[in-house]
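A.B. asks: Pasting a structure below so you can have a look.
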Amino acid sequence: MSSTTSLNAPQVKAMLLIVADAVIAAEPYLSEADRNLGDGDHGLGMARGFNAVKEKLEPLDPSEGIGKLFSTAGMAMISSMGGASGAIFGTLFREGGKALSAAESFDSEGLGKMLHSATEGVMARGKAKPGDKTMIDALHPAAAKAVESAGLPISEALAATAEAAEAGRDASKAMIATLGRAKTLGQASIGHPDAGACSIALILRTMSDFAAAPTAA
Ligand code: ADP
Ligand code: MG
């Protein structure tokens, strides 16, 4: 399989629309994950957010820039999802987009910068640390792997990043929740992965699959 060095703006737009469809299709899986530890609405919230993302992204001219595509997605999530995860997932995309502001193509250096800023933004906003059993447990190791992967073709960097996010999601099973709704479960939170960590792994895996065989101009 040949590797893809970087994605252009129309490809990034196509990728984000595919991510939106994947998250919307995963609604039952994400809600089930939240049912095990929280109130069971994570899939619904994410689906609502990504439907809004599609609405705002579809008319957007990709020549406005890669950062703008990500931050528009973040703003759509913040204004449509509400609740803790609207702010958290919206911040992820908005801060990630800011870090890419002037970029004309999406490469592994951009990926590292984007995920690093997104992680810092989400941690500043939600005060979660690695080990609290939140989406940070998938995002933080993914960002570290992305930073380490700078210089690789984007397809390889995203593959390594998605793998790190999946390992983080799986590692969250053994953690005791210390934040959010699952906190009240204490020891009983052991054994299930965090719902938000499932979303992070899904988003990055879908980005990786796209970069392995990019479509759009
Ligand atoms: P709610 O908790 O309002 O029902 P969701 O069910 O949509 O929202 O999302 C729950 C997910 O949000 C959790 O699985 C966790 O990953 C993430 N989360 C909750 N609080 C925080 C926080 N302070 N920092 C980071 N992520 C968080
Ligand atoms: Mg919930």
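Bear in mind these aren't lab numbers, they're just calculated from the coordinates by the rules spelled out. Keep in mind that what you see is a predicted model, and the values were worked out from it rather than measured. Virtual Cβ from ideal backbone geometry, glycine too; neighbours counted across all protein chains shown.
A.B. asks: Determine, for the stretch 82-187, the count of lysine pairs separated by eight or more sequence positions (or lying on different chains) whose alpha-carbon distance falls under 25 Å.
C.D. replies: 19
A.B. asks: Give the angle, between 0 and 90 degrees and rounded to the nearest 10, that separates the Cα long axis of helix 42-57 from the longest principal axis of the Cα atoms of the chain.
C.D. replies: With both axes taken from Cα atoms, the answer is about 20 degrees.
A.B. asks: OK, next. Between the stretch 33-57 and the stretch 99-173, how many Å separate their Cα centres?
C.D. replies: 20
A.B. asks: Another question, then. Tell me the angle of helix 108-126 to the major Cα principal axis of the chain, expressed in degrees between 0 and 90 and rounded to the nearest ten.
C.D. replies: 30
A.B. asks: A further question follows. Cβ neighbours within 10 Å, averaged per peptide: list 83-92, 29-38 in order, most packed at the top. Don't skip to the answer; put the middle values down first.
C.D. replies: Working: 83-92: 21.7, 29-38: 20.1.
Descending packing order for the listed peptides: 83-92, 29-38.
A.B. asks: Still on this structure: From Cα pairs below 8 angstrom and at least 6 apart in sequence, can you work out the relative contact order of the chain, rounded to a whole percent? Spell out each step's value before the answer.
C.D. replies: On the way: 450 pairs, mean separation 52.8, N = 217.
Relative contact order comes out at 24 percent.
A.B. asks: If the chain between Ala212 and Ser79 were fully stretched, how many nm would it gain, using 0.36 nm times the residue separation less the Cα-Cα distance? Mind dumping the intermediate values first?
C.D. replies: Values: separation 133, 0.36 × 133 = 47.88 nm, distance 3.16 nm.
Contour length minus the Cα-Cα distance gives 44.7 nm.
A.B. asks: Follow-up. When the gyration tensor of the stretch 19-170 is built from Cα positions, what are the square roots of 5 times its three eigenvalues, in whole Å, from largest to smallest?
C.D. replies: On the way: eigenvalues 104, 78, 38 Å².
Ellipsoid half-lengths, sorted descending, are 23, 20, 14 Å.
A.B. asks: Could you give the length gained on full extension between Ala150 and Glu64, defined as 0.36 nm per residue of separation minus the Cα-Cα distance, in nm?
C.D. replies: Values: separation 86, 0.36 × 86 = 30.96 nm, distance 2.42 nm.
Gain in length upon complete extension: 28.5 nm.
A.B. asks: With axes computed from alpha carbons, what is the tilt in degrees of helix 136-148 against the longest principal axis of the chain, rounded to the nearest 10 within 0 to 90?
C.D. replies: That works out to roughly 30 degrees.
A.B. asks: Could you give me the ³J(HN,Hα) list for the stretch 164-176, computed from phi with Karplus coefficients 6.51, -1.76, 1.60 and θ = phi - 60°, whole Hz, x at Gly and Pro?
C.D. replies: 5, 5, 5, 5, x, 4, 5, 5, 5, 4, 7, 8, 9
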